[in-house]
1. Taking Arg12, is it at pLDDT 95 or above, charged (D, E, K, R) and at positive phi?
2. Given the residues Gly31, Gly100, which is the only one that is in contact with a strand residue (DSSP E or B) (Cβ under 9 Å, 6 or more places away or on another chain) and in a strand (DSSP E or B)?
3. Please state which of the following conditions Leu107 fails to meet, knowing it meets all the rest: (1) under 11 Å from the mean Cα position of the chain (by Cα); (2) in contact (Cβ under 8 Å) with a residue 24 or more places away in the chain.
Amino acid sequence: MPYDQTLAKRIRKALDRQPSVSEKEMFGGIGFLIRGNMACGVHAGDMIVRVGPAAHEAALREAHARPFDLSGGRPAKGWLLVDAAGVKTPADLKKWVERGAAFARSLPAK
């Protein structure tokens with residue numbers, strides 16, 4: 001399944017000034033890593049955001065967010081999907097990108 005290339009470009013641009021960013025095709029989409037740790041990405045038309053286990057429940061209460069579940073019933077805690085409506089504006093996208101980047105930066109480099 002192809003992923004939303006336009007959303008990937010928008011995320012790439014939002015991460016432009018972050019140090020140590022790399023990209024990796026994964027989950028049938030693309031992931032953006034900071035110091036080797038996944039921060040965010042694109043799966044089909046949704047944005048993947050890694051917020052970490054401590055912020056998981058609060059993030060899921062936000063509009064347009066849902067669990068990231070590719071396993072068919074066992075969603076990964078600390079990971080979520082944000083649908084296109086949740087990242088429609090530059091400010092919305094920036095908010096989610098910064099959350100994912102902050103969590104990735106909090107982890108030891110790989």
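1. Working: at pLDDT 95 or above: yes; charged (D, E, K, R): yes; at positive phi: no.
So Arg12 does not fit the description; no.
2. Only one candidate qualifies: Gly31.
3. Status for Leu107: all satisfied but (1).
The values are calculated or read from the model by the stated rules, or taken from the named source; none is laboratory data. Keep in mind the model is a prediction, meaning the values are calculated, not measured. Heads up, the Cβs are rebuilt from the backbone with ideal geometry, glycines too, and the neighbour counts pull from every protein chain shown.
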